[in-house]
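The values are calculated or read from the model by the stated rules, or taken from the named source; none is laboratory data. Since the model is a prediction, treat every value here as computed from it, not as a measurement. When we count neighbours, we look across all protein chains shown, and the Cβ atoms used for this are built from the backbone with ideal geometry, even at glycine. Side chains are part of the model used for accessible areas, which takes the heavy atoms of the whole protein and leaves out ligands, DNA and RNA. Shrake-Rupley method; radii C 1.70, N 1.55, O 1.52, S 1.80 Å.
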Amino acid sequence: MQSPWDCPDFDDHEVVHFVTDPQSGLKAVIAIHSTALGPGAGGVRFWHYAHSGEALVDALRLSRGMSYKNAMAELPLGGGKAVILAPSDGSKTPDMLAAFGRAVEGLCGKYITAEDVGVTVADLVAVSAHTGFVSGLPAEAGEAGGDPGPLTSLGVFLGIKAAVRRALGRDGLAGLHIALQGAGSVGSGVARLAAGEGARLSIADIDPRRARALAEEVGGSRVEPDAIMTVEADVFSPCALGAILTEDSIAKLRVPIVAGGANNQLATAGDGERLMERGILYAPDYVINAGGIINVALAYLGEGDEAEVKRRIGKIPARLETIWSESAATGRDPAAVADAMARRLIGRA
Ligand code: NAD
């Protein structure tokens, strides 16, 4: 059996906790990658894994990603992530959430949890009955916090505009064609903002009703999910799944820009280089999609209202510009440049 230390995704994580609560059936992994800049912050995922080893790999990868994302967003937070191993029937019980809350509380603030795949705001409210180390709780109008989706969309929209300025030399999105993958919380916000500026949208979602409804709302067209990555457009915006940029899919892209909100878009580190070799400008995912974490983090830290959140999201384009400029100057792809910058910030150059 492979030891966690030998796992290829182990990156000198400071602590990895394996949580078991036989009474509720909770099994979880809480990984804290780095606390160099502050407590390890990142959401909790509720997911059914075929093998428990996959849960460990997910927690290791995602917590490192949160270290990078929080550092690049200039937040006083480190990187952490939790995964709850969902039972095969997918049941998520109040007892499990309570046990998870107690486990987070037991870490005395070294890990701050939040929403992720399979976990709702209502779940977080339940967790918060057992620990104060929870971000992403409901907020009043004008306050920071609450649903991170719309603010993630705002950052992605601003990032797309920055990419358009750099790659196409154009200000604004009027008349440009965006191929959008995913008509969920982030994708629909991006579509509305882009359409509001006069962009034309081609939209795909594995749920055809969602794609159709969004296309109707923004005056775009619906595309089959397996065709969206080969649409000829000005921008491909991945706002659904991770690991969609592979050797095969990159070869088929017909866009000069890839900029979207999905996490972990590159299947492997080499895929960042492949995009660059094809002359496609890539916006590193954890930089462009940081709007949501900025929102929940400022609410948790009590560092400002919605206006302050938007001011900080407004810095995403300049951050992307810095990465693209360094990429142009060094010949390294933007994803590698962003990783190196993030590692310098957390003292792991
Ligand atoms: P969501 O569940 O609201 O929407 C995702 C959409 O993608 C769904 O409509 C789903 O049907 C669709 N989808 C799934 N597989 C697809 C495929 N193969 N082709 C086309 N569509 C597909 O999720 P979301 O909150 O919008 O998040 C989208 C992505 O952005 C995820 O990768 C998430 O990790 C990332 N992200 C979200 C936030 C946030 O604030 N919500 C923040 C940062 C990153």
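Quick look at the numbers
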| read-out | value |
| --- | --- |
| Criterion: under 27 Å from PRO208 (Cα atoms), at pLDDT below 95, out of contact with any helix residue (DSSP H, G or I) (no Cβ under 6 Å at 6 or more places or on another chain) and more than 8 Å from the ligand (Cβ to nearest atom) - qualifying residue of ALA243, ALA269, ALA233 | ALA243 |
| Residues located in the range 246-265, provided they are within 16 Å of the ligand (Cβ to nearest atom), in contact with a Gly (Cβ under 9 Å, 6 or more places away or on another chain) and open to solvent by 40 Å² or more (accessible area, probe 1.4 Å) | ASN263, ASN264 |
| Any hit, the range 152-174, residues being at positive phi and touching a helix residue (DSSP H, G or I) at 6+ places or on another chain (Cβ under 9 Å) | yes |
| Qualifying positions in the range 78-99 - within 30 Å of ALA342 (Cβ to Cβ) and among the β-branched types (Val, Ile, Thr) | VAL83, ILE84 |
| Residue under evaluation ASP339, criteria (1) in contact with a Leu (Cβ under 9 Å, 6 or more places away or on another chain); (2) within 30 Å of PHE133 (Cα to Cα), criterion not met | (1) |
| Cβ-Cβ under 7 Å pairs, at least 6 apart or on other chains, the range 44-57 side more than 17 Å from GLY80 (Cβ to Cβ), far side open to solvent by 20 Å² or more (accessible area, probe 1.4 Å) | HIS48/SER88; HIS48/GLY90; TYR49/LEU85; SER52/LEU85 |
| Leading residue by the ranking (nearest to LYS315 (Cα to Cα)) among those in the range 74-89 that are within 23 Å of the chain's Cα centre (by Cα) and assigned to a loop (DSSP other than H, G, I, E, B) | GLU74 |
| Matching residues, the range 222-271, being small (Gly, Ala, Ser), in a loop (DSSP other than H, G, I, E, B) and more than 23 Å from ALA290 (Cα to Cα) | ALA233 |
| The range 11-35, subset over 13 Å from VAL57 (Cα atoms) and assigned to a loop (DSSP other than H, G, I, E, B), residue least open to solvent (accessible area, probe 1.4 Å) | SER24 |
| Candidates ASP226, ASP205 - the one that is exposed (fewer than 14 other Cβ atoms within 10 Å of the Cβ), in the same structural domain as LEU275 (by TED's automatic domain parsing), near the ligand (Cβ under 9 Å from one of its atoms) and at negative phi | ASP226 |
| Any hit, the range 142-151, residues being closer than 30 Å to VAL83 by Cβ, touching a strand residue (DSSP E or B) at 6+ places or on another chain (Cβ under 8 Å) and away from the ligand (no atom under 16 Å from the Cβ) | yes |
| Residues of the range 1-10 classified as over 15 Å from ALA55 (Cα atoms) and either assigned to a loop (DSSP other than H, G, I, E, B) or of a type in the set (Val, Ile, Thr) (or both), total | 1 |
| ILE206 vs. criteria part of a helix (DSSP H, G or I) and under 25 Å from VAL117 (Cβ atoms) | no |
| Qualifying residue in the range 158-169 (condition: part of a loop (DSSP other than H, G, I, E, B) and more than 19 Å from VAL296 (Cα to Cα)) | yes |
